[in-house]
1. How much length is gained if the chain between residue 246 and residue 33 is pulled fully straight, taking 0.36 nm per residue apart and subtracting their Cα-Cα distance, in nm to one decimal?
2. To the nearest Å, what is the center-to-center distance of the range 82-119 and the range 173-212, using C-alpha atoms only?
3. Could you work out which residue, out of 157, 274, 49, moves most in a Gaussian network model of the chain, that is, has the largest mean-square fluctuation with Cα springs under 10 Å?
4. Got a sec? Which residues in the range 93-127 would a label at residue 9 touch, if it sits 7 Å along Cα→Cβ and we count backbone N under 14 Å?
5. Between residue 232 and residue 204, what length comes free when the chain is fully extended (0.36 nm per residue of separation minus the Cα-Cα distance, one decimal in nm)?
6. Normalised by the residues of the range 2-173, what does the relative contact order come to in percent, with Cα pairs under 8 Å and at least six apart?
7. Of all DSSP beta bridges located in the chain, what percent are antiparallel, nearest 5?
8. Going by a ≥ b ≥ c, the root eigenvalues of the Cα gyration tensor, does the range 186-281 fall in the rounded group (a/c under 1.5), the prolate group (a/b larger than b/c) or the oblate group?
């Protein structure tokens, strides 16, 4: 694999290799098996891929969160070296390469700006849009790979591609979980040992809730999720919504569910000072 930090060098190498389709796997590092599954999937589809490692400051509304975000770059490189091929590229730029001038762009994503993560992390998706468009413009990929764990981000990326007219195929990859069900996340490494030990309650509760839809209405399911997760006193639910995958409009009762759509239970949980998100498909019942 090739390690590159400069935009100009990256573009020169991509042009010289002239291999397509070109795949992009954008990450913020602290790579885990979920990230590596994205990389492996990209390899199966693309003869050349770029894996970006860049902690994007514009998507953090909490400066402490940005400062504390894990950056084990040497471990990340070692893990990628086991997976990537000779011509594949790891792009690890600094802030000046991504934002040579201040990026003052403001994006609008309709309802996606007004639900769940957008309400609790003001400006987050605008920052995501900034860095993703920069990576798209720099790399000009044919295909980009994103994880389903960040369901709302995935919806934002799809809308961004539509709005900006990018001819890029967005591939979603399934959530990769720890053996106890916890969705893999770079933030998991920041959990205190006791919190990590009990964090499986999030997925277990979501799984149970998904099976309740046949006999219970949504207000009951919401109340169950909040009580079940909050019962230990170690975790608190920031939000739990059941929403369709297209617009992520939360539904308040089963009567609002349409049979031609997929629905997901989406949750954000505070585990001490660490914020964890997850989602699970809620099967539509007849």
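Only the coordinates and a few stated rules stand behind these numbers; no lab work does. Model, not experiment: these values are computed from the prediction. FYI the Cβ positions are ideal-geometry reconstructions off the backbone, even for glycines, and counts take in every protein chain you see.
1. That pair, residue 246 and residue 33, stretches by 74.0 nm at full extension.
2. 25 Å
3. 274
4. Under cut-off, by backbone N: 93-94, 97.
5. Taking residue 232 through residue 204 to full extension adds about 8.7 nm, to one decimal.
6. Normalised by residue count, the contact order of the range 2-173 is 30 percent.
7. So the antiparallel bridges in the chain amount to around 50 percent.
8. prolate
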